[in-house]
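Presented below is the structure to which this report refers.
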Amino acid sequence: MIPLPKPPFNAIAPSILSANQLILGEQIKAVTELGASWLHIDIMDGHFVPNLSFGPATVKWINTVTKLAQDVHLMVEDPQKYLDAFIKAGASSLTLHVESKGNLKNLLKQIKNAGLCAGISIKPDTKPQVLEQFLDVIDLVLVMTVYPGFGGQAFLENGPKQIKEVKKIIANRPIWLEVDGGINKNTIKIAKAAGANAFVAGNALFGTDNIKQAYKDLKDAIE
Ligand code: DX5
Ligand code: ZN
């Protein structure tokens, strides 16, 4: 397992959901060479969100083509069912949704005990205050700025408010504040100004035909 880098710096996390899965290895090598901070891997079960994506085997194979850490975002109804498989596959961090089933605090502890980073995510309509109970076990908060399920959606208007509230809750703790959904060279600035320090980008990178320029645009926007 490759450890997730420690905060704080401004991290860019390409989301492979928008990559061409037939040339996934090449696309991952490209963002690795561009200096991406880590990879964001969206896992969907068709229940928690109306879409399907990857599984543990994807994580295992990705570890053979890059030295980047893998930040695995579990958009699944019952995360407990999948924790062991993703830990075994070599995920660097596992992020659970507060809206999913199970004793989340225990699951987060299980993730930490296995040596991974533990993350918790909130959907756009979830009140950030729910995060307070997890502060002593988490390394990362993932704020959704689109309704989860699909890449290429527009950054929601209440995104900055959510990010600011989460930032207030995290305060000076060494916890990543990662933002996910609709990040492009304009919205990345808004997210940074609101307090985020890690930025997931799917469509803004893999949806272009010049990934090098697209990466530079994102990087320049937060420098
Ligand atoms: C949405 C996913 C995101 C998605 C972001 O459910 O969690 O990680 O890949 O994609 P873009 O950057 O295209 O909005
Ligand atoms: Zn995601």
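The values are calculated or read from the model by the stated rules, or taken from the named source; none is laboratory data. Fair warning: this is a prediction, and the values are worked out from it, not measured in the lab. No Cβ is skipped: glycine too gets one built from the backbone with ideal geometry, and neighbour counts run over all protein chains shown. All accessible areas refer to the heavy atoms of the entire protein, side chains included, with ligands and DNA or RNA removed. Shrake-Rupley method; radii C 1.70, N 1.55, O 1.52, S 1.80 Å.
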Note to self: Given the condition part of a loop (DSSP other than H, G, I, E, B) and basic (K, R), answer yes or no: does some residue in the range 105-115 qualify?
What the structure shows: no
Next item on the list: Those residues that are near ligand 1 (Cβ under 10 Å from one of its atoms), over 11 Å from the mean Cα position of the chain (by Cα), under 12 Å from G202 (Cα atoms) and not polar (S, T, N, Q), I need them from the range 18-49; list them, please.
Entry: A19
Checklist line | the range 144-171 residues that are without any contact (Cβ under 8 Å) to a residue 24 or more places away in the chain, paired with ones that are open to solvent by 30 Å² or more (accessible area, probe 1.4 Å) and within 15 Å of ligand 2 (Cβ to nearest atom) (beta carbon under 7 Å, 6 or more apart) | finding: none
Next item on the list: Specify which of the listed residues (A196, A191) is part of a loop (DSSP other than H, G, I, E, B), at negative phi and in contact (Cβ under 8 Å) with a residue 40 or more places away in the chain.
Entry: A196
Item checked: Leading residue by the ranking (nearest to Q27 (Cα to Cα)) among those in the range 201-217 that are within 16 Å of ligand 2 (Cβ to nearest atom) and open to solvent by less than 70 Å² (accessible area, probe 1.4 Å) -> F206
Check: Given I183, I190, I169, I222, which one is closer than 26 Å to L104 by Cβ, of a type in the set (V, I, T) and more than 8 Å from ligand 1 (Cβ to nearest atom)?
Finding: I169
Notebook entry, point to check: Within the range 120-142, restricting attention to residues that are open to solvent by 30 Å² or more (accessible area, probe 1.4 Å) and in a helix (DSSP H, G or I), which residue is nearest to N103 (Cα to Cα)?
Noted result: Q133
